[in-house]
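Read-outs: derived from the displayed coordinates by stated rules, not from any lab. Bear in mind that the values here come from a model prediction, so they are computed numbers and not experimental data. Quick reminder, even Gly has a Cβ in these numbers, built from the backbone with ideal geometry, and neighbours come from all protein chains shown.
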Amino acid sequence: MFCTVLNYICLRILGVGPYEGDDNACPRARKWILDHGSATHIPSWGKTWLSILGLFDWSGTNPMPPEFWMLPSFMPMLPAKMWCYTRMVYMPMSYLYGKRFVGPVTPLIMQLREELFNEPFDQIKWKKVRHSCALEDVYYPHPLIQDLMWDSLYIITEPLLTRWPFNKLIRERALQVTMNHIHYEDENSRYITIGCVEKVLCMLACWVEDPNGICFKKHLARIPDYLWIAEDGLKMQVFGSQLWDCCFAVQALVASDLSLSEIGFALKNGHFYIKESQVKDNPSGDFKTMYRHVSKGSWTFSDQDHGWQTSDCTAEALKKLLDKRLIHLCSIILSISCFLIRVKMEDYLLGSLLEHKLGWSF
């Protein structure tokens, strides 16, 4: 349901009519959607995106309160205890949820409201579809405790936080705290963020905060990092794997029977990229309060701009730089002391994109 609904919407945005498309793509997709419960049965991420587009009501989504970013450290659902990709998705989502942001309702949005649901849009009982999900999308059923927590937030907490004086005393402060986290992550990844899902959400959150702001403009400048043209059109990659690929390519070349004259240039460039991709600094400021680890001296999955240290990528990079055969084959390789950053012993503790102490919320 998730992919079918979003792809259907994309086709319609690109100008394909409701009865058009290769192999009747739109009519077939719409029939499948309606036969499987309609767009009300899209999973939670889909409900969020449809709410942003104006094709869903925020009251039909389960709560993602930005107040989570203000919780004390002993709370089990503290974002610091979540896997980095999890918290980096829900960080901008919670901001957009707290804002109840909805884009312009255009004639196309009005048409889609008629096409994606089995009943009139204004007659849908949104609070009853919060837990609805097509069977094809249920990879793991919600445990009862999860639904009870969502229901408690929905029935008790949200009505309070969206009304005066709590909307002024708590909700607005929580939104600012959440946006501070978004800006911090943006700046420390040079606006690449940590992946394509997080990139577009953080960029949208920055636009909602200030459409003419410098943060949104910096996000725009890094969009090309994700886009590329293939033989069959424009594509968006999940993330770059430059360092990871480079390490194994160098390893394969060194293990081959090829002569230095054949592979020397490639090895030289590979070594240069690995050396220059080493992270030179820790995240800025008091990074521990922003739920980040030391990263100075490590390597990332892609390049230095990314900033998120990864243990296996660091190990592979070090193997390429320390391998004696590589030193013999590549005359430009200097002593390890020339490119390893001198840091204190504890700064060599490299994370694997995961917090030390995982709560049950993980």
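Among Trp308, Trp83, what is the fewest-to-most ranking by other Cβ atoms within 10 Å?
The order, fewest Cβ neighbours first, is Trp83, Trp308.
If r is the Cβ-Cβ distance from Asp151 to Lys125 and R0 is 22 Å, what FRET efficiency results, to the nearest 0.05?
Efficiency at R0 = 22 Å is approximately 0.90.
By per-residue mean of other Cβ atoms within 10 Å, what is the highest-first order of 268-278, 107-117, 11-21, 92-102?
Most protected by this proxy first, the peptides run 92-102, 268-278, 107-117, 11-21.
Tilt of helix 260-276 relative to the longest C-alpha principal axis of the chain, in degrees (0 to 90, nearest 10)?
Rounded to the nearest ten degrees, it is 60.
Dipole of the chain, Cα-centred, from +1 at each Lys and Arg C-beta and -1 at each Asp and Glu C-beta, to the nearest 20 debye?
940
How far is helix 311-322 tilted off the main Cα axis of the chain, in degrees rounded to 10, range 0 to 90?
20
So which of Lys199/Lys319; Lys81/Lys125; Lys127/Lys168; Lys217/Lys320 end up more than 28 Å apart by C-alpha? Intermediate values should be presented prior to the final figure.
Working: Lys199/Lys319 31 Å; Lys81/Lys125 35 Å; Lys127/Lys168 25 Å; Lys217/Lys320 37 Å.
Cα-Cα > 28 Å for Lys199/Lys319; Lys81/Lys125; Lys217/Lys320; rest within.
For Ile13 and Tyr85, what is the calculated FRET efficiency with R₀ set at 25 Å and r taken between the beta-carbons, to the nearest 0.05?
The formula returns an efficiency of 0.40 here.
Return, ordered by residue number, the residues of segment 107-127 whose backbone nitrogen is under 20 Å from a label point located 7 Å along Cα→Cβ of Leu135.
Counting backbone N atoms under 20 Å from the label point, the list is 118.
Which order do the peptides 54-60, 191-197 come out in when sorted by mean C-beta neighbours inside 10 angstrom, highest first?
191-197, 54-60
Given the DSSP H assignment, sum -39500 (n - 2.57) over each helix run of at least 4 residues in the chain and divide by its residue total; what's the result at 222 nm in deg cm²/dmol, nearest 500? Don't jump to the answer; show the numbers that get you there.
Values: 14 runs with 159 residues, N = 362.
Computed mean residue ellipticity for the chain: -13500 deg cm²/dmol.
Please give the length that would be gained between Ser241 and Asn167 if that part of the chain were fully extended, namely 0.36 nm times their separation in residues minus their C-alpha to C-alpha distance (nm, one decimal). Let's see the in-between values first.
Values: separation 74, 0.36 × 74 = 26.64 nm, distance 4.24 nm.
Extra length from Ser241 to Asn167 when fully extended: 22.4 nm.
Treating the angle as unsigned and between 0 and 90°, give the value, to the nearest 10°, between the Cα long axis of helix 172-188 and the longest Cα principal axis of the chain.
30
With a point put 7 Å past each Cα toward its Cβ, work out how far Lys31 is from Phe265 in nm, to one decimal.
So the two model labels end up 5.6 nm from each other.
What FRET efficiency comes out for Val177 versus Leu144 if R0 is 41 angstrom and r is the Cβ-Cβ distance? Round to the nearest 0.05.
After rounding to 0.05, the efficiency reads 0.85.
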